[in-house]
Amino acid sequence: MKTILSFALSFVFAFSFAQEKAYKYGFADAETLQMTSYEKDPEAPALVLYERGAVEIKYNSEDGFYKEFTYKTRVKIFDNAAFDKATYSLRLYISDKGGYREKLTALRAQSYNMDSPPVGISMDDVMIEKKDDNHEYAKFTIPKVKEGTVFDVEYTIRSSYYYVISDWNFQSDIPKLYSEFYTKIPANLKFNGKLVGFLKFSKQDSDIEKKCVEAFYSSAADCAIDTYVMEDIPAFKEEKYMTSKKNYISHITYELRETQNFQGAKKYYTRTWEDVDHEIKTADFGKQARKENAFKKLIPNDLAALPMSIDKAKAIYYYLQNTLVWNGDYHYLFTDIDCKDAFENKKGRREELNLILYNMLKASGFEAYPVLVREREDGVATLLYPVMDEFNYLIVKLVLDEKIYYLDITDKYLPFGLLPLRALNDYGRVVDFKNDSYWDNIYISSLSTSTIFGQFEIDEEGAVTTKMSNKYTGFFAVKRRKSINSKSKDDYIESLENSLSDDNNAFVSNYRNINPTDPEKLLIESFEVEYEDDLNQDQIFLSPLDGLLYDENPFKLEERQYPVNFGYPNGYSINILVKLDDAYEVSNIPESFTYTYDNLLKVDFKVLTQGNDISFKVDFYVYKSVFQPEEYDELKKAFSKLVDINNMTLILKKVKN
């Protein structure tokens, strides 16, 4: 999925090719204007016909180094759903310090339609909107855009931030015929480049331009010129059960590795893990992670007196979880940490709370380590070299009796050994203060389950009453506890009623729950449901499993190029009994079936009849968290069967005397 690219003076000469495909600003041919859809993706609302981004780092004696980014594109609009593609909002960095800023210096854009002459805009049509002290937006909209329009956009941004090269996305939410990225970088600057995603370059070229930059006293530097092209790029289509799209959408990302001035002095920006380990251990973060002596005095006597065991570790975990509260702040992970202050105020940043847990575990004699992770929605952390800014979350690793537990006290309803979904992002960097840091694969192996027992009774008048008893473990219990405790009882019951009927005719009574706040115990709910409007008395359409599984298949793509990530193994066990009055009979009985895939997926549906009673038993289990693209079809099949079960309808007919 990721490929490291070599920039600066390390070149691989591939083959030469024209830097620009046939593209001429100001002219759109009749064939393009008459297009009504894209053959390879007929549902696409728009198509990028051409796209090129060029980054050139230049130098002059007055400004020193600066960067110019030039963007050119031609887009075809098929559907009004893509009208937003004609509106641009370019974020520009501004600063009063040192004169650093970015500025839109050139713009031209033009739209073409079959029934009217071209209409264009220029710099005079740009609106500048200040966001805050450090950002402003240059905004413009292409005129006369409708279904069938083709438009061109070309603009240039000049930037003082020459040491930052923004990501280039070859892929987007609409398909592209051609996307090219070009860089021209003086040898004074060296970048690490990383290709992310599953698509490959269709063309790649590297070259050197001698003495492209000249400075004082005849100083000069050569330039590395690199061009990367992808063609026939499919749209990236997001689907459920994926981590951040940043992990999979095809793009190039850059990080400054080294600079060298014209006198030969070098400065290194990309460090080794040995360098980073030393920095972590000696900086504020490391000092706060060595507070075990201070926190040893703060451990309650009853906890301190417990023998070394899993029970003591749990007691410390739940004591801190129930005592401390996350203050809601998001902050840089490695600075301004104050664990003692957070403990005294019983409130702090997430990393402070988990460092307090780490310190107390260490003070109690446990083997524990801080673990640096990147939140799930932000993409995975770079493995190839340290990028410390990528880490924005901290958890704790506990090793006890040859077992490993990952801990996080920032969520009040998380049981010991379960992490919030936001922290489940493939791997984390374990900080060992006595040895080197190392990567750990972080995953949840325990099964989260939802067990449902339901009984439907239909009397001779066609009235339906239901009794439900539901049990939850793992993530299902966490989610349900949050819902229960975030609402009043009446509001929660109302939300139950709304989920049970689209017609708002369900009435829930005798609701009770067991263990609504204790994450260590099984969560149990029970209630009864009556429907205020009787169903048709001669013929009843009853869907006893509706809403308990999936009413539509979450997997709809013909092909998925990225993994399916559920976050955790999970399973449903559903038992439904339908008791019919003798006044009714069932005209259709669904058939039982079983579907399995390599002991990783299981859908088992059983139907039993006894007299006028019909029982349904559904067992659905996903035994692993992540499925690879080649397993996608099996998932589609399994979930398609779940949809069929969920939407199954019994036809009950009144017996004629």
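The values are calculated or read from the model by the stated rules, or taken from the named source; none is laboratory data. Nothing here was measured: the structure is a model prediction, and the numbers come from that model. All Cβ positions, even for glycine, are placed from backbone atoms using ideal geometry, and neighbour counts span all protein chains on display. For the accessible areas, the whole protein counts, side chains as well, though only heavy atoms, and no ligand, DNA or RNA atoms are used. Shrake-Rupley method; radii C 1.70, N 1.55, O 1.52, S 1.80 Å.
Data table
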{"quantity": "Check on Tyr155, in contact (Cβ under 8 Å) with a residue 12 or more places away in the chain and either within 29 Å of the chain's Cα centre (by Cα) or closer than 30 Å to Phe78 by Cα (or both)", "calculated": "yes"}
{"quantity": "Any hit, segment 525-545, residues being among the hydroxyl-bearing types (Ser, Thr, Tyr), farther than 30 Å from Ala638 by Cα and modelled with pLDDT of 85 or more", "calculated": "no"}
{"quantity": "Filter pass, Lys412 being among the basic types (Lys, Arg) and open to solvent by 70 Å² or more (accessible area, probe 1.4 Å)", "calculated": "no"}
{"quantity": "Some residue of segment 259-275 being open to solvent by 60 Å² or more (accessible area, probe 1.4 Å), more than 20 Å from Arg374 (Cβ to Cβ) and among the aromatic types (Phe, Trp, Tyr)", "calculated": "yes"}
{"quantity": "Number of the exception - Lys281 against (1) closer than 30 Å to Ala44 by Cβ; (2) charged (D, E, K, R); (3) crowded, with 17+ Cβ neighbours inside 10 Å", "calculated": "(1)"}
{"quantity": "Hits in segment 211-241 - residues which are of a type in the set (Asp, Glu) and in a strand (DSSP E or B)", "calculated": "Glu214, Asp222, Asp226, Glu231, Asp232"}
{"quantity": "So Thr87, is it open to solvent by 20 Å² or more (accessible area, probe 1.4 Å) and either among the basic types (Lys, Arg) or within 24 Å of Ile165 (Cβ to Cβ) (or both)", "calculated": "no"}
{"quantity": "Test: residue in segment 378-397 that is modelled with pLDDT of 95 or more and surrounded by fewer than 23 Cβ atoms within 10 Å (Cβ to Cβ)", "calculated": "yes"}
{"quantity": "Subset tally (residues that are surrounded by fewer than 24 Cβ atoms within 10 Å (Cβ to Cβ) and either among the aliphatic types (A, V, I, L, M) or free of Cβ contacts under 8 Å to residues at least 60 places away in the same chain (or both)) for segment 356-367", "calculated": "4"}
{"quantity": "Residue list for segment 299-341, filter: farther than 27 Å from Lys521 by Cβ, open to solvent by less than 30 Å² (accessible area, probe 1.4 Å) and either at pLDDT 95 or above or β-branched (Val, Ile, Thr) (or both)", "calculated": "Ile337"}
{"quantity": "Listing of strands (runs of 3 or more DSSP E) fully contained in segment 541-657 that carry 2 or more residues being more than 21 Å from Ala463 (Cα to Cα)", "calculated": "570-580, 593-597, 601-610, 613-622"}
{"quantity": "Residue ID - nearest to Gln288 (Cα to Cα), chosen from residues in segment 434-455 that are surrounded by fewer than 15 Cβ atoms within 10 Å (Cβ to Cβ) and out of contact with any Phe, Trp or Tyr (no Cβ under 8 Å at 6 or more places or on another chain)", "calculated": "Lys434"}
{"quantity": "Options Tyr332, Tyr369; residue that is among the hydroxyl-bearing types (Ser, Thr, Tyr) and outside any strand (DSSP E or B)", "calculated": "Tyr332"}
{"quantity": "Candidate set from segment 201-228 (those that are farther than 30 Å from Glu630 by Cα and of a type in the set (Ser, Thr, Tyr)); member that is surrounded by the fewest Cβ atoms within 10 Å (Cβ to Cβ)", "calculated": "Tyr217"}
{"quantity": "Condition check for Phe198: surrounded by fewer than 16 Cβ atoms within 10 Å (Cβ to Cβ), within 25 Å of Leu47 (Cβ to Cβ) and at pLDDT 90 or above", "calculated": "yes"}
{"quantity": "In segment 19-41, the residues that are more than 16 Å from Ser202 (Cβ to Cβ) and open to solvent by 80 Å² or more (accessible area, probe 1.4 Å)", "calculated": "Lys24, Phe27, Glu31, Gln34, Thr36, Glu39"}
{"quantity": "Qualifying position, being of a type in the set (Gly, Ala, Ser), over 30 Å from Asp167 (Cα atoms) and touching a Pro at 6+ places or on another chain (Cβ under 7 Å), among Ala294, Ala289", "calculated": "Ala289"}
{"quantity": "Long-range neighbours under 6 Å by Cβ, at least six apart or interchain, first residue within 30 Å of Lys579 (Cβ to Cβ) and touching a residue at least 40 places away in the same chain (Cβ under 8 Å) within segment 429-458, second part of a strand (DSSP E or B) and of a type in the set (Val, Ile, Thr)", "calculated": "Ile452/Ile574; Gly454/Ile576; Phe456/Thr466; Phe456/Val578; Glu457/Thr465; Ile458/Val464"}
{"quantity": "Sole residue being over 21 Å from Glu552 (Cα atoms), of a type in the set (Val, Ile, Thr), open to solvent by 70 Å² or more (accessible area, probe 1.4 Å) and at pLDDT below 95, chosen from Ile589, Ile651, Ile614", "calculated": "Ile589"}
{"quantity": "The listed residue being in contact (Cβ under 8 Å) with a residue 40 or more places away in the chain and open to solvent by less than 70 Å² (accessible area, probe 1.4 Å), out of Tyr161, Tyr100, Tyr93", "calculated": "Tyr161"}
{"quantity": "Every residue from segment 122-156 that is in a strand (DSSP E or B), open to solvent by 20 Å² or more (accessible area, probe 1.4 Å) and not hydroxyl-bearing (Ser, Thr, Tyr)", "calculated": "Met127, Ile128, Glu129, Lys130, Lys131, Asp132, His135, Glu136, Lys139, Glu154"}
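Here is a yes/no grid of residues against (1) β-branched (Val, Ile, Thr); (2) surrounded by 15 or more Cβ atoms within 10 Å (Cβ to Cβ):
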residue: Met468; (1), (2): no, yes
residue: Lys482; (1), (2): no, no
residue: Lys489; (1), (2): no, no
residue: Asn498; (1), (2): no, no
residue: Ser501; (1), (2): no, yes
residue: Val508; (1), (2): yes, yes
residue: Thr517; (1), (2): yes, no
residue: Glu528; (1), (2): no, no
